[in-house]
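The values are calculated or read from the model by the stated rules, or taken from the named source; none is laboratory data. Keep in mind that what you see is a predicted model, and the values were worked out from it rather than measured. Please note that ligands, DNA and RNA were not included when accessible areas were found on the heavy atoms of the full protein model with its side chains. Shrake-Rupley method; radii C 1.70, N 1.55, O 1.52, S 1.80 Å.
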Amino acid sequence: MTTQTEPGPPRPAPSGGGGPVLRVAGLTCAIGGAVIVSDVSFDVAPGEFIAVIGPNGAGKTSLFNLLSGLMPATGGTVTLAGHDVTTASPATRARRGLGRTFQSSSVFAGLSVAENVRLAAQARLGGSLRFWQRVRPDDEAQQVATRSLERVGLAARSRDLAGSLSHGDKRKLELAILLATDPAVVLLDEPMAGVSIEDVAGLTEVIGAVHREEGKTVLMVEHHMDVLLGLADRVAVMHHGSLLALDTPARVTADPAVQEAYLGDAL
Ligand SMILES: Nc1ncnc2c1ncn2[C@@H]1O[C@H](COP(=O)(O)OP(=O)(O)O)[C@@H](O)[C@H]1O
Ligand SMILES: [Mg+2]
């Protein structure tokens with residue numbers, strides 16, 4: 001069913017022990033007779049960077065929707081840091097450390113860059129709920145927001161309206177909002193979409209730093225091979241809802257089955 005370049009057990013995470021941070025086993029989603037994600041299994045080690053590639057309609061976004069709980073699985077399991085979250089709500093998964101980038105529309109254009117991040121930090125710290133303890137959580141939220149904005153290189157834009165940012169900077173803001181919630185595992189679905197060529201390098205740099213320096217585990221759907229080859233420990237290839245390959249970038253690009261899936265146009 002799957003194609004591998006080497007024999008042996010399929011796709012263990014190259015872990016140094018302690019178990020995978022994410023385990024996907026037989027994950028399947030059938031909608032109205034169409035199987036859009038089919039029997040996908042893999043482990044992700046803490047701190048790993050996995051790039052997810054595949055032709056349009058291969059099921060990459062659907063896989064992320066299943067992982068984050070936006071779509072219900074019809075088969076298989078998702079285990080996050082040892083907890084079975086297969087039927088858990090997106091909010092529960094977020095509390096267990098799974099974060100995904102917000103769509104551009106969820107950035108409040110009429111609020112400042114700093115306010116956008118502070119709201120996310122406040123939600124995590126519970127400041128808006130525990131009103132009798134307002135002062136400290138608000139201070140803390142402010143600090144978390146400042147750190148997150150520094151991390152993505154947007155500190156100088158703190159007071160500007162989020163709506164005034166370029167596409168590339170909006171993506172950085174989304175990343176800062178995500179970092180403010182301190183997720184262990186970060187899902188990024190095509191973070192370079194709509195970003196100008198000049199901004200791609202800066203955004204790539206920021207994502208790489210978040211992975212290396214913050215120790216985040218990252219799964220990223222990305223079409224730009226040049227971007228992900230420098231970032232990814234392993235590349236997962238989706239094709240017709242299945243996981244066609246999951247291996248080092250060099251081995252995946254040399255895999256004839258992967259080349260066949262792309263008909264040579266993306267690799
Ligand atoms: N909610 C849904 N209902 C029905 N079909 C869907 C739904 N979401 C995605 N699909 C279908 O599943 C397939 C995979 O889509 P998607 O996961 O968006 O692919 P990718 O992100 O790899 O381009 C497509 O054929 C798409 O039309
Ligand atoms: Mg998609």
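Shape call for the stretch 12-114 from the C-alpha gyration tensor, a ≥ b ≥ c root eigenvalues: rounded (a/c under 1.5), prolate (a/b greater than b/c) or oblate? It comes out oblate by the Cα gyration axes. Could you tell me whether the chain comes out rounded, prolate or oblate from its Cα gyration tensor? Rule is a ≥ b ≥ c as square roots of the eigenvalues, rounded for a/c under 1.5, then prolate if a/b exceeds b/c, otherwise oblate. Here the chain falls in the prolate category. Residues whose amide H comes within less than 5 Å of that of Val52, counting only those at least five positions distant or on another chain, are Met220, Val221, Glu222, Ala236 (H built at 1.01 Å from N in the peptide plane). Per residue, the accessible area of the stretch 136-267 comes to 44 Å², computed with a 1.4 Å probe over protein heavy atoms only.
Of the solvent-accessible surface of the chain, computed with a 1.4 Å probe and all protein chains present, 54% belongs to carbon and sulfur.
Please give the contour-minus-distance gain from Thr77 to His167: 0.36 nm per residue of separation, less the Cα-Cα distance, rounded to one decimal in nm.
In short, 28.9 nm is gained.
Taking every alpha-carbon pair under 8 Å whose residues sit at least 6 apart, the chain reaches a relative contact order of 25 percent.
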